[in-house]
């Protein structure tokens with residue numbers, strides 16, 4: 001059941017991402033931690049015992065909830081208890097606690113500890129506890145402890161243990177250097193290049209595949225009945241509310257559209273931009289006197305030099321009107337002709353003479369060209385408000401256990417029927433499905449629901465909602481031969497083409513091995529010999545799929561080989577013309593990166609062996625029932 005659940009969860013973006021992350025953690029955890037699964041004679045409040053150390057139910061519960069909150073923040077979606085168990089979060093959390101307990105026991109046995117001063121210094125230097133000044137903030141420290149459910153003594157104790165564990169782990173795995181031979185092998189694997197001479201044997205090369213007799217098809221069907229089973233299908237009524245479905249641009253008046261255009265018109269082009277210079281004076285009289293000098297023939301730059309203003313400080317920059325902080329200066333600057341000097345302007349920093357040295361005129365599409373977009377934008381804004389009101393009405397009625405059909409009728413909203421649809425979002429019979437936002441998430445929710453149950457709506461990317469009421473479930477079943485006869489024919493023919501292509505390619509490679517020219521072999525299937533570019537194992541070219549590269553990099557030079565290209569292309573026959581590897585230079589950045597990666601991997605292996613041996617020596621016992629109680633999966 002758990003494996004089925006994992007497969008089901010893996011159909012969603014969240015599931016796929018969680019499965020990838022958590023399985024990598026979990027597999028590594030069990031490889032490192034080597035947890036036993038035997039428990040005898042322990043308290044029902046003890047989840048696990050490591051040597052003489054008990055891990056109680058509250059500690060597991062606290063760590064488990066903290067991990068759920070962390071993952072929920074990371075994926076921006078709540079993780080249900082069912083999903084958590086499905087992904088093994090409970091086991092992963094317990095594994096971490098067991099490892100910590102084992103390493104703490106070893107540190108104690110070795111007499112390893114940390115002074116109070118070093119613990120205090122580590123807390124003071126923790127970025128999490130620094131306030132706006134960049135220094136340690138006692139108030140922030142206390143608040144974060146409160147949120148974590150810890151007091152200061154508990155946190156100091158945990159911090160001391162964590163630092164000791166890290167130092168112990170670092171002493172075992174840190175600075176592990178990969179042998180040069182390993183680095184060279186990794187270099188060869190990553191950078192070896194091969195050039196192929198190849199041609200393709202198309203499906204047509206095996207001739208037309210006739211439909212066989214029914215007894216052949218029935219035998220084929222009987223041997224593969226599971227492949228022809230009908231999956232479970234579900235049908236649901238959906239109430240879809242999004243800003244797009246509620247927006248009514250025809251209800252926007254011309255006056256409202258014009259006013260909204262003024263607010264958002266920068267979306268439809270470029271506003272006027274000016275390069276602004278200014279000279280600031282302490283009072284109006286000095287500014288006026290300077291202006292008179294300019295009128296008499298002095299330049300703006302001459303006045304700036306008199307006041308010891310550098311060229312860099314003279315120019316404020318290039319701005320639109322709204323980008324300028326001092327709007328008094330902006331008003332004066334945007335009223336000037338290019339290179340004209342303003343009258344004294346009382347700005348934020350004193351009286352100023354202002355000049356615009358460059359003017360980029362505005363380039364805006366007029367309202368007449370974009371009125372449809374303006375109306376829709378305003379209609380969407382209105383729709384968001386209406387949507388929130390309708391959402392509350394729907395939720396109120398859902399709380400009264402009313403079905404969506406009645407709610408939609410009362411609120412005069414349309415319903416959409418989705419299905420029958422399977423977990424892979426394929427319809428029964430291949431008919432097109434209704435257009436539904438967040439289809440993957442909606443189908444996932446349908447397969448978690450039951451008929452007659454209240455379900456949480458699916459949120460759309462534009463802050464809309466999709467409610468669903470499950471109306472029908474068609475269980476998975478075995479289809480009869482008569483139902484799937486046409487599908488069986490297609491599958492039999494595809495398998496037969498694959499089999500015959502394998503035989504034909506084998507015959508061709510055998511002829512080449514006996515001396516037939518490569519070009520002559522290609523001509524026998526009306527194919528053209530081509531030469532590949534230099535390929536590596538990591539090459540990503542549609543013409544050379546991964547299975548071709550795997551065969552090519554395991555083949556000897558000039559030996560004819562073949563590989564499958566799929567039902568559309570047939571098979572590729574090829575030989576390796578050349579194989580080369582660039583020299584291994586330890587001084588390159590790539591070599592340094594590879595060395596570090598290999599060193600980290602070796603360090604992880606050493607740490608895994610240490611923890612595994614440590615747990616085997618101490619002994620680990622687990623009470624799975626108490627674990628389920630701690631994580632909400634059993635009776636407490």
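The values are calculated or read from the model by the stated rules, or taken from the named source; none is laboratory data. Quick caveat, the model's predicted, so the values are computed rather than measured. For neighbour counting, all protein chains shown are included, and Cβ atoms are generated from backbone atoms with ideal geometry for every residue, glycine included.
Here are the criteria: (1) modelled with pLDDT under 85; (2) more than 30 Å from residue 465 (Cα to Cα); (3) within 44 Å of the chain's Cα centre (by Cα). Tell me which single one residue 382 does not satisfy.
The one condition residue 382 does not meet is (2).
Which one is modelled with the highest pLDDT, of the residues in segment 144-153 that are over 19 Å from residue 121 (Cβ atoms) and part of a helix (DSSP H, G or I)?
In this case the residue turns out to be 146.
Scan segment 507-515 and give yes if some residue there is surrounded by fewer than 13 Cβ atoms within 10 Å (Cβ to Cβ) and either within 33 Å of the chain's Cα centre (by Cα) or under 30 Å from residue 189 (Cβ atoms) (or both), otherwise no.
Checked against the condition, which is being surrounded by fewer than 13 Cβ atoms within 10 Å (Cβ to Cβ) and either within 33 Å of the chain's Cα centre (by Cα) or under 30 Å from residue 189 (Cβ atoms) (or both), segment 507-515 yields at least one hit.
Looking only at segment 120-154, count every residue that is under 23 Å from residue 62 (Cα atoms) and in contact (Cβ under 8 Å) with a residue 24 or more places away in the chain and tell me the total.
The number of residues fulfilling the criteria is 3.
Condition check ((1) in a loop (DSSP other than H, G, I, E, B); (2) in contact (Cβ under 8 Å) with a residue 12 or more places away in the chain; (3) out of contact with any strand residue (DSSP E or B) (no Cβ under 6 Å at 6 or more places or on another chain)) across all residues:
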residue	(1), (2), (3)
449	yes, yes, no
463	yes, yes, yes
468	no, yes, no
472	no, yes, no
482	no, no, yes
499	no, no, yes
506	no, yes, yes
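Can residue 599 be described as modelled with pLDDT under 85 and either more than 17 Å from residue 201 (Cα to Cα) or not in a helix (DSSP H, G or I) (or both)?
yes
Quick check, is residue 167 assigned to a helix (DSSP H, G or I), in contact (Cβ under 8 Å) with a residue 60 or more places away in the chain and surrounded by 13 or more Cβ atoms within 10 Å (Cβ to Cβ)?
Judged against the criteria, residue 167 is not a match.
Which of the residues that make up segment 415-431 are closer than 20 Å to residue 242 by Cβ and out of contact with any strand residue (DSSP E or B) (no Cβ under 8 Å at 6 or more places or on another chain)?
Selection gives 425 alone.
Take residue 539 and decide whether it is surrounded by fewer than 14 Cβ atoms within 10 Å (Cβ to Cβ), without any contact (Cβ under 8 Å) to a residue 60 or more places away in the chain, in a loop (DSSP other than H, G, I, E, B) and under 35 Å from the mean Cα position of the chain (by Cα).
For residue 539, the condition - surrounded by fewer than 14 Cβ atoms within 10 Å (Cβ to Cβ), without any contact (Cβ under 8 Å) to a residue 60 or more places away in the chain, in a loop (DSSP other than H, G, I, E, B) and under 35 Å from the mean Cα position of the chain (by Cα) - is not met.
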